[in-house]
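Heads up: the structure comes next, in structure tokens.
Computed from the coordinates by the stated procedures, all read-outs in this text should not be read as laboratory data. Treat the numbers as computed from the prediction; the structure is a model and nothing was measured. Here Cβ is always computed from backbone atoms with ideal geometry, including for glycine, and neighbour counts include all displayed protein chains.
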């Protein structure tokens with residue numbers, strides 16, 4: 001920890017002294033706090049990576065609580081402003097605590113009161129029912145809302161995303177005429193990629209904006225695909241599918257037993273399953289900021305070992321498992337950069353608050369993968385030809 005410098009002596013400012021005491025023995029990225037009436041205070045032994053400007057009393061309180069949720073709320077509500085490198089901001093979050101036991105408990109029991117399906121629909125709507133244009137500002141040309149597969153850190157996001165989409169086609173041994181269920185069709189990344197190869201994709205979604213976008217995409221490109229509104233837990237099909245594809249949606253399907261039963265109902269013998277997801281080792285691990293402002297409801301990060309325990313009860317075979325942690329770090333980093341480049345339009349059309357929420361979310365997620373506090377997996381499975 002470096003020395004503290006300021007326009008006034010530190011001893012005369014209780015906020016600076018409190019922060020200084022809290023950061024003692026902690027490794028931090030250097031930063032600066034700006035108090036309009038009292039001057040600027042620097043923390044760390046190098047030039048600051050970012051500056052926090054305190055705008056009101058709530059912002060002042062948020063800084064002294066050393067609480068991730070309070071700090072995040074102060075930022076998204078405008079009580080503090082952040083200028084400079086957001087990577088430095090999220091790199092310092094480990095110096096803040098995130099203990100909210102009542103909120104954590106409520107997240108676990110809420111589906112018991114509202115019902116699994118109702119909670120799932122509400123959670124999807126809360127995150128995905130912003131206008132399509134908002135997400136498309138940062139996702140890039142492929143419109144794929146899950147990890148890409150990077151071969152080099154400096155290659156374009158679009159290249160890495162197209163590599164992932166083609167990997168899905170090859171991993172599932174798909175050919176023209178095959179029927180595929182795309183669970184959570186999003187903005188048509190897989191529908192377009194596979195549909196252009198003559199693969200008949202059924203895109204399933206619970207977001208109305210997504211449904212409208214997908215239908216327009218299929219019609220405009222004349223793809224051999226269809227779009228259905230519905231929940232995967234209750235979805236039925238008279239004819240089984242050659243493959244089931246789930247791109248970044250397992251976080252919304254936490255009932256692994258029900259998911260596996262649907263795999264067995266909807267997939268024909270010899271069929272393939274591909275899924276990818278962001279993951280924590282503990283099932284209920286999720287920052288309070290994420291659960292309140294980004295993914296509310298029954299969203300839970302993928303827990304690989306619990307999922308595999310359910311697969312072990314069936315005859316489904318695991319063929320491949322990959323950890324894409326580094327690729328998801330790069331993916332979120334590029335999304336965050338895209339969002340910042342589109343700041344003016346984003347704030348004008350959807351508001352400063354939404355921009356700030358996703359700015360924190362995308363940079364924070366990138367750092368979580370980079371620091372190994374989160375994982376990301378690709379899993380390929382098969383239903384055996386012989387049921388014996």
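Per-residue Cβ neighbour counts within 10 Å put 314, 53 in the sequence 314, 53, beginning with the fewest.
Between residue 83 and residue 53, the contour length at 0.36 nm per residue exceeds the alpha carbon distance by 10.0 nm. Between 276, 67, 324, which gets the highest mean-square fluctuation from a Gaussian network model of the chain, Cα cutoff 10 Å? The residue that fluctuates most here is 67. Note on the range 63-97 and the range 157-209: Cα centroid distance 37 Å, given to the nearest whole angstrom.
Per-residue Cβ neighbour counts within 10 Å put 187, 350 in the sequence 350, 187, beginning with the fewest. Computed extension length for residue 151-residue 45: 34.6 nm, one decimal, from 0.36 nm per residue of separation with the Cα-Cα distance subtracted.
With contributions of -39500 (n - 2.57) from each DSSP H run of at least four residues, the per-residue ellipticity at 222 nm computed over the chain stands at -13500 deg cm²/dmol. Peptides 229-237, 39-47 ordered by packing proxy, namely the average of other Cβ atoms within 10 Å per residue, highest first: 39-47, 229-237. All C-alpha pair distances within the chain, sorted into 20 Å bins from zero, spread as 26, 53, 18, 2 percent across the bins.
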